[in-house]
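Reviewing the structure listed below.
The values are calculated or read from the model by the stated rules, or taken from the named source; none is laboratory data. Quick caveat: nothing in here was measured; it's all calculated off a predicted structure. Note: ideal-geometry Cβ built from the backbone for every residue, glycine included; neighbour counts use all protein chains shown. The accessibility values were calculated without ligands, DNA or RNA, using every heavy atom of the protein model including side chains. Shrake-Rupley method; radii C 1.70, N 1.55, O 1.52, S 1.80 Å.
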Amino acid sequence: LGRMPTEQQTALVSMALQEVDREEHLIQNLLLAQRLRVPDQRLVRNAIEIGPLLQKFAAHRLEILGAAATIDVACPDGVRGTGDDTALWTVLENLVDNALKYGGRKLALQAAVQGNTVRIAVVDDGVGFAPADAEAIFEPFVSSAAARQGKHGTGLGLSISRALMQQMHGDLHAHSDGAGKGARFDATLPVAPAQAGN
């Protein structure tokens, strides 16, 4: 109604969009957690063009985040993995949400081929965790000691993400040099077979 300065409107709209995005991810994770309990759930196995997917994902998240964070993307041309692009998008959502939840403001999405594997890393400058917690944080409802500060969430995101990567014949691992030193999550997928004629 014109009673609020424009710059304040922009900030409040951005906050509202972030909250809606967070609620959507939370509901998605709850539904996925239930689906993963059902035997014989099958994911699609298609060739995924990793670079374009990461660029599209980063643009989507930055549209919501505004100036709250940066996301750099580094991926050589032609990197292709085999998996379910919707499931991979969900994993990226969870990893980026996790990074933001625990103080990450400078994020990087990095991808490369290593032998028969595509490795996709989500790197952040957040609070990190003790190296001894690297496996425990994938347990449902568990967070690292450095991160237990009343943060929101279901505690399911990392557990679901690892389960999805393993269903795509890949995996998900975490690394940090300790509290205050950021974190790195490495998701792996099989390399997609070369296209006919290549």
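Taking the criterion of being modelled with pLDDT under 90 and assigned to a helix (DSSP H, G or I), the residues of the range 134-158 that qualify are A145, A146, A147, G157.
Checking L109, L100, L95 one by one, the residue that is touching a Ser or Thr at 6+ places or on another chain (Cβ under 7 Å) and either without any contact (Cβ under 8 Å) to a residue 40 or more places away in the chain or open to solvent by less than 40 Å² (accessible area, probe 1.4 Å) (or both) is L95 and no other. Restricting attention to the range 37-86, the residues being surrounded by fewer than 19 Cβ atoms within 10 Å (Cβ to Cβ) and either assigned to a loop (DSSP other than H, G, I, E, B) or modelled with pLDDT under 90 (or both) number 19.
Is there a residue being exposed (fewer than 15 other Cβ atoms within 10 Å of the Cβ), part of a helix (DSSP H, G or I) and modelled with pLDDT of 85 or more anywhere in the range 9-23? Walk me through it before giving the result.
Restricting attention to the range 9-23, the residues satisfying the condition of being exposed (fewer than 15 other Cβ atoms within 10 Å of the Cβ) are 9-13, 15-17, 19-20, 23.
Imposing the further condition that a residue be part of a helix (DSSP H, G or I) reduces the set to 9-13, 15-17, 19-20, 23.
Among the residues that remain, those that are also modelled with pLDDT of 85 or more are: none.
Within the range 9-23 (the criterion being exposed (fewer than 15 other Cβ atoms within 10 Å of the Cβ), part of a helix (DSSP H, G or I) and modelled with pLDDT of 85 or more), the answer is no, since none of the residues qualifies.
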